[in-house]
Amino acid sequence: MRLWVCIALLSTVLCASAERPRIVQGMIRAGQFVRDAAGGTRDMYRAYKDMREANYRGADKYFHARGNYDAARRGPGGAWAARVISDARENWQSRVSGRGAEDTRADQEANRWGRSGGDPNRYRPRGLPSKY
């Protein structure tokens, strides 16, 4: 019995340290991408929720940059989710709200700044509570 337990443990250790087949590596990467994308979506939602809660004039660019920054830090899946959500939001808002092309361009600039790893505080307005 002890011999079989030793063989089982040794096999497990050897299999765990062996090279994984490419298909398994691909599945692991895909799962990680999906996990990053889901986390990035949560980050974007949290920034949106904070923006609505703060209700602070001129702070929208800060929250755009912060949401994209947090999402992109998760990895390629988070950056992808941030880009898709930001582009969809801006396309929808530019048609519905009538805010103008200049505001949409500034929002997209803040989105790109955050996704590229830039400090979101660049867009932080004075007087915004430190909670955010």
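A short reminder: the numbers here are calculations on the coordinates, not readings from a lab. The structure displayed is predicted, hence computed values, not measured ones. Note that we place each Cβ from the backbone using ideal geometry, even for glycine, and neighbour counts take in every protein chain shown.
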Defining a contact as two alpha carbons under 8 Å apart and six or more residues distant in sequence, what relative contact order in percent does the chain show?
28
What helix-only [θ] at 222 nm does the chain give? Using -39500 (n - 2.57) per DSSP H run of at least 4, over all residues, to the nearest 500, the answer is -25500 deg cm²/dmol
Give the calculated FRET efficiency between residue 32 and residue 84 to the nearest 0.05, with a Förster radius of 25 Å applied to their Cβ-Cβ distance.
0.90
Between residue 97 and residue 42, what is the FRET efficiency for a Förster distance of 25 Å, r being their Cβ-Cβ separation, to the nearest 0.05?
0.50
If you stretched the chain out fully between residue 55 and residue 126, how much longer would it get, using 0.36 nm times the residue separation minus the C-alpha to C-alpha distance?
24.2 nm
Bins of 5 Å from zero: percent of alpha-carbon pairs in the chain:
2, 10, 15, 17, 14, 9, 6, 5, 5, 5, 4, 3, 2, 1, 0, 0
Please get the size of the charge dipole for segment 27-82, origin at its Cα centre, with Cβ charges of +1 on Lys and Arg and -1 on Asp and Glu, quoted in debye to the nearest 20.
40
Everything considered on the Cα gyration tensor (a ≥ b ≥ c; rounded for a/c under 1.5, else prolate if a/b is larger than b/c, else oblate), segment 55-132 must be described as oblate
